[in-house]
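Novice: One structure, pasted below without further comment.
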Amino acid sequence: MAIALKGRTVVVVGGSSGMGLAVARKAAAEGALVHAVGRSGDRLLAAKATIAGEVTLHEVDICHEAEVAALAVNIGPIDHLIITAANNVFKPFVDITTSDIEAMLWTKLWGAVHLVRHFASRLAADGSITLFGGVAAHRASPGASIVAALNASMEGLSRTLALELAPIRVNTLAPGVVDTPAWDFLPKADRSHTMAIMGSSLPVGRVGRSDDLADAALFLMTNGFTTGTVLHVDGGANA
Ligand SMILES: NC(=O)c1ccc[n+]([C@@H]2O[C@H](COP(=O)([O-])OP(=O)(O)OC[C@H]3O[C@@H](n4cnc5c(N)ncnc54)[C@H](OP(=O)(O)O)[C@@H]3O)[C@@H](O)[C@H]2O)c1
């Protein structure tokens, strides 16, 4: 039987945008007590206005372990931890700078490490952790070398944690291209055309929507038999 989310505490790191915001909305709609985490207070407030249900906002930079430690003490016991936060930079490997790489690495890898380190002992035995990887780890694309490496690191981390933290379940959700604010770096004039081109190359004929991935994240939270796995929700990119 699926684990109900009603009355359960769900921490969504990255809950102010894109897929994290969609997870926060769907979990709150199921009656969960949602904690949305991000760096920008303005983004969090704008997100909260779109969430029907109980949500508490936390302005925290997960790159800083002391902030994450204080967050964990502040929130206390939880049922589910979902980490979508990333600051991806797409550039050819020869052009990517050390500060680009550091920003990506600190958020995606160190951020996840800080969060798991400080929340693991506060998670319910029937709770879960969901990390976000991505299709770049499986389908190479020029400009995505560091993104690919970090997405792959989420898979290795979650599989190992699924054994070490059992019975807490730990999984990675691997999205394909999903139309979120992460793509706002594209010139406005080209954005919808680029999305259409990327979508037309997929068996489903479109890129993903945040809700597609939020549905999958809710599955990983509520299915008590799923752990140590990588769930690909990518429109068929891996087919
Ligand atoms: N979109 C895609 O096509 C795609 C494809 C494959 C994989 N993915 C993966 O899916 C995940 C979600 O992507 P998305 O497109 O939904 O991202 P997004 O819309 O850019 O949202 C990122 C969220 O993370 C927060 N964040 C970033 N750095 C943070 C930090 N240091 N501390 C706390 N919060 C931080 C952001 O808020 P603040 O900026 O205010 O902190 C925001 O809420 C990412 O892990 C991404 O790598 C995305």
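Novice: Within the range 1-64, report the trypsin sites (Lys or Arg not before Pro) that DSSP leaves as loop and that have at most 11 other Cβ atoms within 10 Å.
Specialist: Taking the range 1-64 and a limit of 11 other Cβ atoms within 10 Å, the loop trypsin sites (Lys or Arg not before Pro) found are K6.
Novice: Right, something else. Roughly how many Å is it from the Cα centre of the range 97-128 to that of the range 148-181, as a whole number?
Specialist: Value for the Cα centre distance between the two parts: 11 Å.
Novice: Counting each DSSP H run of 4 or more residues in the chain as -39500 (n - 2.57), what helix-only mean residue ellipticity at 222 nm follows after dividing by all residues, to the nearest 500 deg cm²/dmol?
Specialist: -12000 deg cm²/dmol
Novice: Right, next: Taking the Cα atoms of the range 9-232 alone, what are Rg (to one decimal) and Dmax (as a whole number) in Å?
Specialist: Computed over the Cα atoms of the range 9-232, radius of gyration and Dmax are 16.6, 48 Å.
Novice: What's the extension gain from R206 to S192 if we count 0.36 nm per residue and subtract their Cα-Cα distance?
Specialist: 3.9 nm
Novice: Still on this structure, please answer the following. Scan the chain and hand back the longest stretch that contains none of the chymotrypsin sites (Phe, Trp or Tyr not before Pro) lying in DSSP loops with at most 12 other Cβ atoms within 10 Å.
Specialist: Formally, the longest exposed-site-free interval is 1-92.
Novice: Let me ask something else. Which listed residue (V207, L186, A86) has the Cα farthest towards the positive end of the charge dipole for the range 9-232, taking +1 on Lys and Arg C-beta and -1 on Asp and Glu C-beta about the Cα centre?
Specialist: V207
Novice: Given a cut-off of under 8 Å on Cα pairs at least six residues apart, what relative contact order in percent is computed for the chain?
Specialist: Once divided by the residue count of the chain, the mean separation gives 21 percent.
Novice: Going by Cα centres, the range 1-62 and the range 223-239 are how many Å apart?
Specialist: 22 Å
Novice: Let me ask something else. To test your reading of the geometry: what angle, between 0 and 90 degrees and rounded to tens, separates the Cα axis of helix 188-200 from the longest principal axis of the chain?
Specialist: 80 degrees
Throughout, read-outs are computed from the coordinates displayed, never taken from laboratory work. Since the model is a prediction, treat every value here as computed from it, not as a measurement. Every residue, glycine as well, gets a Cβ built from its backbone with ideal geometry; the counts of neighbours run over all protein chains shown.
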